[in-house]
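Structure first, then comments.
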Amino acid sequence: MAEPATEAGSSDSLEGQIEQWRSYLRRRQAIRPVDVEELEDHLRGEVAALRGAGLSENEAFLVAVKRMGALDAISNEFAREHSERLWKQLVIASPGTAQPVDRVRTETIVVFALAMVAALAVKLPELFGLEWAAKDDMPFYMRNFSLFVLPLLTGYFVWKRRLSQRTWVWLALAFAAAVIFANVYPFETGSDTERLTALHLPIALWLLVGIAYAGGRWGESTGRMDFVRFSGELFIYYSLIALGGGVLVAFTMGMFQAIGINAQPLVQHWLLPCGMLGAVIVGSWLVEAKQSVIENMAPVLTRLFTPLFTLTLVAFLGTMVWTGRGIDLERNALIAFDLLLVLVLGLLLYSISARDPQAPPGAFDLLLVLLLVSALVADAFALAAIGARISEFGFTPNRVAALGENVVLLGNLGWSTVLYVRFLRGRGPFASLERWQTAYLPAYSVWAAIVVVGFPPAFGFD
């Protein structure tokens, strides 16, 4: 009579083991182009077959992982780090099977084809008389720059994750709406609402990329956290590609100058715009390829810059209090200040993604709480200054956008601080902080969409 209860309990145990295996696979980044979801389907099939043959649930799970072939190296490393289970007895080294070469080749061709399309897409408007880098046409390119590449990046993940027709149709409709709102509004030349549209549209569209990247797992905290890791790693790869591109540009101009030819038009009209867009696709593919150097680099960079940003914010608040000076509310100053707060949240998110949720609180957690509290206080000062400026001079697109963004940031920072303090005091699990951060991600894209869609008509396209 006790058997059904045992089965239910072991089922929860199996799901926990599969989730741990899946998370370990993604974090270790030891497989390159292989789709984790497909591997999980194979794993579950093996477990079911072994259970039918009479093995216990733990034995079936461990033997199934052993049979994954190309994952043997991962299995052995997983065994070393989880020796409290049966791995020492069940996992034995054996040669792995070869990678699916045809699939790797196909994905490589697809990626570089998409990169070429993105690179050339930015040149297509020239067929209609809109020249890149021309002063009168730059507003068009500013509004549409993200639309040249993000639909293609989303398409790559739709293809790779084999998303359902319903999902990709909704994603396509969302991008079509973005194209309309970016181009049909009669913006005044150089208007604030046009600049705000150019700045906020990529933020709104990044949510669509995340939905495609998660591959049907966007509703899960782990799926959203995987997208956070992807975004952080893409930023690192893109920065490295940009540095290499800068060297290429310098050498190109230098070599052509040596023979008396000015290469600046080539660089300005082709290398820069095409390279910036194509690098987004290539960088995303490199992240998907799971280069292990980034796996080690990202946590190190997080550990390095967290204390530096904490020191910067504490020094900023101390100086502001000491001198009695308020925050400058000019547009560029507000953008820089909000970017600083976003970077703080980025450090927090990436620290959370790289942290073992079961580990006890440590010194680095105290540092993160100090960073959160400092950012929270700085955001409160900014909100007070923006509110005072609005009450004195009235509403403008920039002030209202800054007000909304700082309110959104304040909500995230405030509740994150509460959850982190609870964790430090042993009154709440670390997982609650992770769930809050990932669940809050759409709030930024929603606000950005409101700015893009609602602000231009609300402020007369000025």
Classify the range 296-390 as rounded, prolate or oblate from the Cα gyration tensor: take a ≥ b ≥ c as the square roots of its eigenvalues, call it rounded if a/c is under 1.5, otherwise prolate when a/b beats b/c and oblate if not.
prolate
How far is the Cα center of the range 120-144 from the Cα center of the range 221-238, in Å?
30 Å
Phi-based couplings in Hz for the range 356-367 (Karplus 6.51, -1.76, 1.60; Gly and Pro marked x)
6, x, 8, 6, x, x, x, 5, 5, 5, 4, 5
Extending each Cα 7 Å along its Cβ direction at L317 and Q20, get the distance between those two points in nm, one decimal.
3.8 nm
Taking just the alpha-carbon atoms of the range 100-209, what radius of gyration and Dmax come out, in angstrom?
15.9, 54
Provide the FRET efficiency to the nearest 0.05 for the S391-L173 pair, computing r from the beta carbons and using R0 = 35 Å.
0.30
Relative contact order of the range 159-282, defined on C-alpha pairs under 8 angstrom at six or more residues apart (%):
18 percent
Relative to the present Cα-Cα distance, how much length would full extension add between L266 and I450 at 0.36 nm per residue of separation?
62.4 nm
Label-point gap, in nm, between T252 and I180 - each point 7 angstrom along Cα→Cβ
3.8 nm
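Values quoted throughout were computed directly from the atomic coordinates according to the rules given, and no laboratory measurement underlies them. Since the model is a prediction, treat every value here as computed from it, not as a measurement. All Cβ positions, glycine included, derive from the backbone under ideal geometry; neighbour counts span all protein chains shown.
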